[in-house]
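Some notes on the structure that comes next.
The values are calculated or read from the model by the stated rules, or taken from the named source; none is laboratory data. These figures come from a predicted structure and were not determined experimentally. Cβ coordinates were reconstructed from backbone atoms using ideal geometry, including for glycine residues, and neighbour counts include every protein chain displayed.
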Amino acid sequence: MEEEELEELLSKVKELTDSEISLTELADELEISWETVMGLVNQLRKQGTNIMVASKDDDVYFLNLGDKTHHQDYSYSFKTDENNHFKFVAISDLRMGSKFSQLTMLNEVFLRAYNEGYRNFIITGNLTEGLYPMSKNMFDSLVRKDTYGQIDYVVSKYPRLKGMKTYFITGKKDNTHLAKKKIDIGKKIDEQRSDMVYIGNSRCEVTIDNVKMLILNSNQSKTYTQSYRAQKLIDAMRSEDKPNIMLYGGLLQCEEFKYRDVRVLEVPSLCATTWEMSDKGYSNVVGACFVDVETDKKGNLKSFRVQNDIYYRTIKDDYVKARVLSRGGDNND
């Protein structure tokens with residue numbers, strides 16, 4: 001097989017496996033033998049293309065997962081300071097790349113956190129607005145309309161303060177890049193910003209000493225009762241799987257409550273009301289949560305304190321006016 005013909009076939013296999021497809025269908029579509037198809041798939045996998053292979057219904061099926069890792073378990077560990085405290089600021093739904101992002105507000109939260117001794121941020125998803133089809137009116141709400149444009153927007157405009165570290169999961173909006181372009185933007189941002197640490201796609205199980213904290217982003221729509229989503233999730237958990245703390249992003253609301261011994265914090269957004277939110281009639285609480293987790297001598301949860309910083313007005317066209325906050329680079333010394 002000529003090199004040019006091989007490259008063309010590899011490209012077609014990669015394209016066709018963007019959606020689940022069987023070995024039989026691939027062979028028929030490309031008019032080649034099953035053995036040749038398997039050889040092409042194996043070659044792509046050796047080159048780093050993340051194609052999942054599974055047998056079912058007397059056939060073999062393929063799916064190109066892109067940057068997504070199948071059944072990836074995300075976890076991360078933090079330690080408290082010498083006084084048994086771990087302090088962080090929880091934020092969510094920055095929606096960067098959208099005309100409704102609030103960079104000025106984000107900068108203000110960063111400066112307040114720094115001045116009050118906080119050095120850690122946790123983002124519970126939706127750093128970007130994600131992708132919309134050109135046929136949708138939401139497409140015109142984007143100032144960065146493609147995946148790499150939104151990645152660059154986050155990398156260049158997310159605040160940088162010396163000694164500050166941000167840990168983040170991606171969310172429903174961010175995952176449109178993965179679904180449509182096979183690109184996990186969390187990995188790309190982590191590679192380009194040493195002060196931003198990607199800890200999970202849509203969720204991460206965190207430990208703070210011996211305290212279990214679940215960070216997750218909702219892939220479901222809002223409900224009239226604010227606590228409903230979190231309560232249903234906790235109800236579905238086995239007792240031994242329940243975390244001590246749950247940080248829940250993507251719900252565009254701010255609520256703190258305790259349910260079945262789980263301290264739940266629904267993290268507010270840090271963006272203005274988007275056209276999509278308006279169309280769906282979603283309320284949108286804007287702000288940040290300053291959190292202090294204290295453990296006892298055995299490392300178990302002693303206290304969970306939250307101070308909410310809520311904004312009641314957003315800045316129109318802030319994406320045009322806002323300046324980038326960058327002091328001391330993105331190193332952590």
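Name the residues in region 35-56 that are in a strand (DSSP E or B) and more than 17 Å from ASP67 (Cα to Cα), would you?
Within region 35-56, ALA54, SER55, LYS56 qualify.
Test each condition in (1) within 22 Å of ASN217 (Cβ to Cβ); (2) in contact (Cβ under 8 Å) with a residue 60 or more places away in the chain for ASN308 and report the one that comes out false.
The failed condition is (2).
Kindly provide the set of residues from region 204-234 that are crowded, with 21+ Cβ neighbours inside 10 Å and either modelled with pLDDT of 95 or more or assigned to a strand (DSSP E or B) (or both), ordered by number.
The answer is CYS204, VAL206, ILE208, VAL211, MET213, LEU214, ILE215, LEU216, ASN217.
From (1) surrounded by fewer than 21 Cβ atoms within 10 Å (Cβ to Cβ); (2) in a strand (DSSP E or B), pick out the condition that doesn't hold for THR166.
For THR166, the failing item is (1).
Across region 85-142, what is the total count of residues that are within 19 Å of the chain's Cα centre (by Cα), of a type outside the set (Gly, Ala, Ser) and in a strand (DSSP E or B)?
The qualifying residues number 11.
Of the numbered conditions (1) in contact with a strand residue (DSSP E or B) (Cβ under 9 Å, 6 or more places away or on another chain); (2) among the hydroxyl-bearing types (Ser, Thr, Tyr); (3) without any contact (Cβ under 8 Å) to a residue 40 or more places away in the chain; (4) closer than 27 Å to ASP318 by Cα, SER227 satisfies every one except a single condition; which is it?
(4)
Is region 170-184 home to any residue that is buried (at least 23 other Cβ atoms within 10 Å of the Cβ), part of a strand (DSSP E or B) and in contact (Cβ under 8 Å) with a residue 24 or more places away in the chain?
Looking through region 170-184, at least one residue is buried (at least 23 other Cβ atoms within 10 Å of the Cβ), part of a strand (DSSP E or B) and in contact (Cβ under 8 Å) with a residue 24 or more places away in the chain.
Mind listing just one residue for me: the one in region 284-315 that is under 26 Å from the mean Cα position of the chain (by Cα) and among the basic types (Lys, Arg) and, of those, modelled with the highest pLDDT?
Across region 284-315, the extreme among qualifying residues is ARG305.
Please specify each residue of region 89-140 satisfying the condition of being touching a residue at least 60 places away in the same chain (Cβ under 8 Å), among the aromatic types (Phe, Trp, Tyr) and closer than 21 Å to ILE199 by Cα.
Correct list: PHE110, TYR118.
Just for region 1-34: of the residues that are part of a loop (DSSP other than H, G, I, E, B) and without any contact (Cβ under 8 Å) to a residue 60 or more places away in the chain, which one is surrounded by the most Cβ atoms within 10 Å (Cβ to Cβ)?
Taking the candidates together, the pick is THR17.
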